[in-house]
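No lab work stands behind these numbers, since they all come straight from the coordinates. Quantities reported herein were computed from a predicted structural model and do not represent experimental measurements. Here the Cβ positions follow ideal geometry from the backbone for every residue, glycine too, while neighbour counts run over all protein chains shown.
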C-alpha cells in the first residue's frame, strides 16, 4: 500500500475528532519521553490507533433516555450480529442516561456501522457512533455530577428525550 | 503578504463582485429574481482561486443553471457546499498535510468537526493571511472537483488542469501524487472518467511525455487489477483508455478487448456455469461506447465486428439466471421479465450501431484545437500518438475475490407511459445505470458523497440529457416534442433500488443502500421524495409477484426509511388492502412493516401515525412492555409449580430445589398421560426465564446464561423439548415476535437449540395449514438460522483455502467441511419438503383445513403461492451455497490456489487507515 493513499472523499469510518483528540494528548506525552530527533518516531503506531485498528466496539451517543436495548439491537443488528450491548446508566439511579456500547463480532461490522448507521435516526433522534477501544467495567456509568452524562448537566435547551433542561441548570432554576 | 484579503468572508468585496457577474449572465427567471442580498451567505462554493478570470465563469451552459440549489425557495436545511465530498476544503491545511507527507492513519485533519451541510463553513474559520496555494495542492483540488460545479464549463476546467500539469511537469517535483490521484479518481469516482480523460487529451496537446507518464501509471493499475480479478477497476480503467483511443497508435484498445474476448470464450467453453467470462464480455461491451464517443474516428466498423463476436456469449442464458429473477413466474401481470444486463447491453449496442453510433448521453469534452492557444500554428490533428501500454492478461484468469452471479436488470420506472428514465432499448439506460451503480458501490465509505453524486448526476452527462432537477412528474407531459423527460432523481432512486433488489446479495450490507436513500432525501427532499413515493407504490402494486426475499427486503427498507422521517407515509392509499385476508401478500406486508416500525420505535407512537382503520392491526398486547406470565392464572395447567419455579429462578435457588419442582410437574404430567413429560416442565421453566428477563435483552440473556446447564440438558434428553424451548419463547413474546426471534438467535449461539430445531419448529410444529409462511418474522427466523449455518460453512471453506496448511490440518478441515456440508444440505432439504408440501397442498395441516370455513379456494390458492415463494427463495440459497462451497466449487478453488501463488494481493479501495484490514480474501 502506498503511504500516501487516502481516498478521494473522506471516510466515515474513522474515529471522531473527540477520539482523535484523546489520541493527540497521549501521543504528545509519549513524544516528550522520546528523543525528539528520532527520525523514525512517526513510524511507531500509538497504542490508541492499534486498539482502534481492531475495534469491534462502538460508543453510541445522543440516545433518548427512553430508547430500549431492543430498539438499539433492531437497528444495529443491520450491520452484523451483536455480541454485547451495554446500556449507559445514570451512576446513581441506574437508569438509561442516553448512551451505550455496541460490540460486534468483527471489526468490519463496526466500521460498517460507522458508515451506515452513525448519523442516522433511532427513535427519531440523530445518533452518533464512534469507534471505541472496548468496554471496561465502570464505563457504563455517566460521569456527570448528578450521575448522567456531562453534557446533560448544563444544557440550556429543553430536550424531552434527555430529561428536559440540564440537571445542574434545572437545580439552579428550582432554587430561584 | 499579498493584500490581506479575507477570503472566506462573504461580505468581502471581490465575492460580491463575482456574484454580481454571475447573476448578470443568468437568463433564467428564477435566478433573475434572486435577491443577491439574501443569497450571498449561501454562495455555494466560495471561489478559492481568484486568479481565475471571471470571464471563464461567464460561459455557463443554460442547463447547468437549472440546479435547484440556485432556486431562492430552497430550504436552508437543504443547502450543502458542493465540494464537501473532498478533503480539499481547506487548501491551507491541505498544503500543510502534503508537506509533512501526512494523510496516514488518523490524520490531523480538523475538518472533521465542520464537515457537511454547514452553512458557516467559510464564515467562522479563523481568518488568516493567505499564501499562494502550491501548485500540487491546486492541481489536486481542481482534478478532484472537476465537473462538480454547475458554474464552470468542464472543458475549461480540463484545459486549465492540463495546462497546470504541463507546467508543473516541467518543474518536476512530486508528480507522483498527481499521477496517483489520476488513477484513484478513475476507480473511486467513475462519473469523472470522461473528464479525467479530457485532461489527458489536453495534456497530450502540449506535453505528450506527461500524458505518456499518466498512461504508464494507469496501465500498471490496470495490470494489477487484472491480476487480482478486480473486475470493476478493470472496467473503469479500460473506459478511461477507451476515451483516449485517439492517442494510441493502430487499433488502440481493441487488441486488448480481443484478447479478453478470447479468454471469455475459453472460460465459457470450459464451464456452463462460468460467470467470469460473462464479466469479461460485460467489460468489453461497456468499453465500446466510450471508444466510439471519443474523439477517435473510424472505429465503428471495428466495434461492429467485435459485437458480432460477443453476441453468442451475451445472449446466452446463464444456468443460474432463473434463480435471480426479480419477478419470477410467467404471469402477464409481471412488470417485467428477466433480462440480463449484458444481454440488454448487447442489443442496445447493436441498435446504436445501426443508428450510426449517436451515443448522445456521453459528454464530449475535447475540442482538438483550442483557438486561444498561444502557438496558433500548431496543427492539432497531428497530436502525438503513443503505443498502447503493454498489458498481459494473466493465465489462468483470477476469478477475483467475490463470487459472481448473472446480473438481472431492474427498473421501477422504465418502459412506462411517461418516460422518466431511458427505455430499456436505449443504450443510455445501461450506461447511466452502470456508472450510478459503480459509484454507489465504490463510495460506501461515505454515503453523503454517494448521495451528492446521485443528486448531481446530471452534471456528468451531455447537456440536455435530463430534464431540470426536481421537475414534478405531472409536469412531464407538458414537455415539448423531442426534449428529454428523463428525471435525474428517478434514475438515482432506480439505481439504488436495483442494488437493494440484487440477488442473491448486493455488494454491501442492505443498510448501506437504506442510508444512501436517507441521505439523498435529506439533501434534496423536493426532488427525491416524490420519486421515492412512486417507487413505493410500484413495488407495493406488484408485491404478490415479487420474489419473496425481495419483498422482505422492501418491507425492511420501508420501515427503516420511515423511521428516519417521522414515520410519515400516506397510509390512506392502502385502506382497501387492510380488508384483505391476512394471507394476502399485501396485507402481510402491511402487518410486517408495522411490526418492524414498532421494533424501531414503540407501539403507541406508531399507532399515532396511522389512520383509524389501521389501529386494530396494533393489538393492545404490543403496548405491554412485560407480557403476562400465563401461569399467573390458575386456569393454566401446572400453574402453582410454574409460579414456584419462577420464584426459585428469581432468587437463584440451588438446582436441587428447582429439580424438585420440575419433578412434581413430571409426575403430574405422567398422571395425565403426557407422552414427553419434559415438554410441560420445559414450558414452565422457559416461560419463567422469559418473564424474569422481560425487562430487556440483557436481562433475559443473563438469565439464560444462569440456566444454561439445565437448558442444555433438556436438549440432550429430548428433541421435542428443545423445540418446546423455542415454542415457549415465541408464545411468551407472541405480540412482539421480533424479541422472540432475537432470543431464539441467542439460544442458537448457546447451542441450546440447533438450527434444525428452529426450522422444524417454524415449518413443522408452527406451520399449521401454512399460515406461518405468511408471517414475516417466521421468514426472518428461518432465514436468519439458515444464514448462520451458511456463514459457518463459508468460514470453514475459507479456512481450507488458507495457504501453508499442513496435511493434517487439511484433512481435519476437509472432514469438518464434509460433515457441515451434509447438515447444511439436510437443513435445506427439510425446508424444501415442508414448504413444497404447502405449495402442492399435500401437507397434512393443509389437507385438514382445506375447505373449512374461512379456508376456501381463495385462501388455499394464496397459501399455496406462499409455499412456492418460500421454495424458490430457499432453493436459490441452496444453489448459491453449492456454487460457493459445493464439492465442485471447492475442488476448483483448491486447484486454483496453486496457480495463484505468485499474484500479490492488492490494496483494496479501503487502503486508508481504519479500513485497512480489507485485503482479506482477494487471493482466496
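On full extension, the segment bounded by residue B:393 and residue B:135 gains 89.2 nm, given 0.36 nm per residue less the C-alpha separation. Ranked from largest, the principal axis spans of the Cα set of the range B:209-281 equal 46, 24, 14 Å. With a Förster radius of 45 Å applied to the C-beta separation of residue B:312 and residue B:612, the computed FRET efficiency comes to 0.15. In the range B:740-785, the alpha-carbon atoms span a convex hull of 58 Å³ per residue. Using C-alpha pairs below 8 Å separated by at least 6 residues, the relative contact order for the range B:121-259 is 22 percent. In the range B:326-476, the C-alpha radius of gyration followed by the widest Cα-Cα span (Dmax) gives 20.5, 67 angstrom. Restricted to Cα atoms, the range B:598-730 shows a radius of gyration and a Dmax of 17.2, 54 angstrom. Radius of gyration over Kirkwood radius for the range B:464-600, both on Cα atoms: the Rg/Rh ratio is 0.99. Largest first, the extents of the alpha carbon coordinates of the range A:48-95 on the three principal axes equal 35, 26, 18 Å. Each residue of the range B:459-545 gets 131 Å³ once the volume of the Cα convex hull is shared out per residue.
As a proxy for reagent exposure, B:658, B:810 were ordered by neighbouring Cβ count within 10 angstrom, fewest first; the result is B:810, B:658. Using C-alpha pairs below 8 Å separated by at least 6 residues, the relative contact order for the range B:257-298 is 36 percent.
Here the extension length gained between residue B:896 and residue B:808 equals 29.6 nm, from 0.36 nm per residue of separation less the Cα-Cα distance. Take the Cβ atoms of residue B:351 and residue A:54, set R0 to 41 Å, and the FRET efficiency comes out at 0.20. The convex hull defined by the C-alpha atoms of the range B:211-338 has an orientation-averaged projected area of 9.5 nm². Using only the Cα atoms of the range B:623-687, build the gyration tensor, take square roots of its eigenvalues as a ≥ b ≥ c, and label the shape rounded, prolate or oblate: rounded if a/c is under 1.5, else prolate if a/b is larger than b/c, else oblate. Oblate.
Taking every alpha-carbon pair in the range B:749-902 and binning the separations at 10 Å intervals from zero gives 10, 34, 26, 17, 9, 3, 1 percent. Entry note: the range A:83-176 has Rg to Rh equal to 1.03, where both radii use alpha-carbon atoms and Rh is the Kirkwood radius.
By DSSP, the beta bridges lying fully in the range A:61-176 are antiparallel in about 90 percent of cases. Taking 7 Å steps out from each Cα toward its Cβ at residue B:216 and residue A:171 produces label points 7.0 nm apart.
Counted by neighbouring Cβ atoms within 10 Å, the residues B:486, B:574, B:870 run from fewest to most as B:574, B:486, B:870. One equal scatterer on each Cα of the range B:290-343, no solvent, Debye formula: the resulting log10 I(q)/I(0) at q = 0.20, 0.22, 0.28 Å⁻¹ is -0.79, -0.85, -1.09. Using 0.36 nm per residue and subtracting the Cα-Cα separation, the extra length available between residue B:620 and residue B:823 on full extension is 69.0 nm.
Kirkwood hydrodynamic radius computed over the range B:659-785 comes to 14.7 Å, based on all pairs of distinct alpha carbons. Would you mind classifying the range B:432-495 by shape? Square roots of the alpha carbon gyration tensor eigenvalues, ordered a ≥ b ≥ c; an a/c under 1.5 is rounded, otherwise it is prolate if a/b is larger than b/c and oblate if not. It comes out prolate by the Cα gyration axes.
Neighbour counting of Cβ atoms within 10 Å sorts the residues B:417, B:407, fewest neighbours leading, into B:417, B:407.
Once the C-beta distance of residue B:858 and residue B:794 is scaled by a Förster radius of 35 Å, the resulting FRET efficiency is 0.25 to the nearest 0.05. Counting only the backbone N, which residues of the range B:682-705 are under 14 Å from the spot 7 Å out from the Cα of residue B:664 toward its beta-carbon? Answer for this model: B:685.
D by Stokes-Einstein for the range B:795-835, Kirkwood Rh over Cα pairs, 4 °C, 1.567 mPa s: 114 µm²/s. Note on the range B:393-444: semi-axes of the ellipsoid equivalent to its C-alpha gyration tensor, largest first and rounded to whole Å, are 30, 13, 11.
In this label model, residue A:145 and residue B:482 are separated by 7.6 nm, measuring between points 7 Å along each Cα→Cβ vector.
Shape of the range B:600-653 from the C-alpha gyration tensor: oblate (a/c of 1.5 or more and a/b not above b/c, with a ≥ b ≥ c the square roots of its eigenvalues).
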